[in-house]
1. By a straight-distance test (C-alpha under 19 Å), which aspartates and glutamates pair with Lys78 as possible cross-link partners, with residues fewer than eight away in the same chain excluded?
2. For the chain, state the semi-axes of the equivalent ellipsoid (square roots of 5 times the eigenvalues of the alpha-carbon gyration tensor), sorted largest first and rounded to whole angstrom.
3. If R0 is 41 Å, what FRET efficiency do you get for Leu72 and Ser96 from their C-beta distance, rounded to 0.05?
4. Report the FRET efficiency, 1/(1 + (r/R0)^6), for Val47 and Thr25, where r is their Cβ-Cβ distance and R0 is 35 Å, rounded to 0.05.
5. Would you compute, from DSSP H runs of 4+ residues alone, the mean residue ellipticity of the chain at 222 nm, taking -39500 (n - 2.57) per run and dividing by the full residue count, rounded to the nearest 500?
6. In whole angstrom, how far apart do the alpha carbon centroids of the range 5-21 and the range 60-79 sit?
7. Can you find, among Thr16, Leu100, Trp74, the residue sitting farthest towards the positive end of the charge dipole of the chain, where Lys and Arg contribute +1 and Asp and Glu -1 at Cβ?
8. How tilted is helix 26-115 with respect to the longest principal axis of the chain? Cα atoms for both, answer in degrees (0 to 90, nearest 10).
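Just so it is clear, none of the values below were taken in a lab; they were calculated from the coordinates. Just so it is clear, the structure is predicted and the values come from calculations on it, not from any experiment. Note that each Cβ is placed from the backbone with ideal geometry, even for glycine, and that neighbours are counted across all protein chains shown.
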Amino acid sequence: MITDADVRKLEKTFVTKKDLLGFATKKDLNETESRLNTRIDRMTKYVNFELEPVDDFKKEFKDFKDKIFDKLDWLIGKYNKFEEEHTVLTEQNKRSNSKLDNHEKRIFSLEQRIVTP
């Protein structure tokens, strides 16, 4: 048979209804979940609202970057064309200078012959 001392030992070992009153019930957990979901939804809307200008800026920046790259491509093309033309003109100038030097030598030689008979 169980004595009162055994009952007191069992009460200390096992949980009683009185002990369980401090724990959350299923209803309490559902209410807490509902409140958390509401807070999360509000925070999500706030974050989306705050990030919307950042997304707009990113789109505008991408468009700006594309325009800049298009202009740079055009500029690089013009530079390459100029560089090619400069190379051709430099070579033509060297040839002309060479001919000019040759003519100057020949003219000097002719002038020397005329001056000294």
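1. Asp66, Asp70
2. On the way: eigenvalues 2198, 92, 12 Å².
Rounded to whole Å, the semi-axes are 105, 21, 8.
3. That pair, Leu72 with Ser96, gives E of 0.70.
4. 0.60
5. -32500 deg cm²/dmol
6. Cα centroid to Cα centroid, the span is 80 Å.
7. It is Thr16, whose Cα lies furthest towards the positive end.
8. 10 degrees
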